[in-house]
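Asks: Can you keep this structure in mind? I'll have questions shortly.
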Amino acid sequence: MSPQLPNVAEELLKTPLTVQQRLELIGELWDGIPDSIDALPVPEWHREELGRRLAAADADPDAAIPWEDIRRNLRDKS
């Protein structure tokens, strides 16, 4: 168990819940995350990676695959 979790969270994780209850709990937890990106810390390496990927995309825009093609390929595989 993560040492960062409060005791109440550890106890909750030990509680037997149905799949539906777990999904509801996930939804409640997700809704509790702040909407403002400023409230969430972004590690510097994330910013660096984003910059690297944006530069790569700008350097070779023809390498991009349109979302419609990706979606069609995924549907064809299922």
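The values are calculated or read from the model by the stated rules, or taken from the named source; none is laboratory data. Since this is a predicted model, take the numbers as computed values, not measurements. For neighbour counting, all protein chains shown are included, and Cβ atoms are generated from backbone atoms with ideal geometry for every residue, glycine included.
Asks: Test each condition in (1) exposed (fewer than 10 other Cβ atoms within 10 Å of the Cβ); (2) modelled with pLDDT of 95 or more; (3) more than 22 Å from the chain's Cα centre (by Cα) for ALA56 and report the one that comes out false.
Replies: (1)
Asks: Failed condition for LEU17, given (1) among the hydrophobic types (A, V, I, L, M, F, W, C); (2) assigned to a loop (DSSP other than H, G, I, E, B); (3) modelled with pLDDT of 95 or more, with all others met?
Replies: Failing condition for LEU17: (3).
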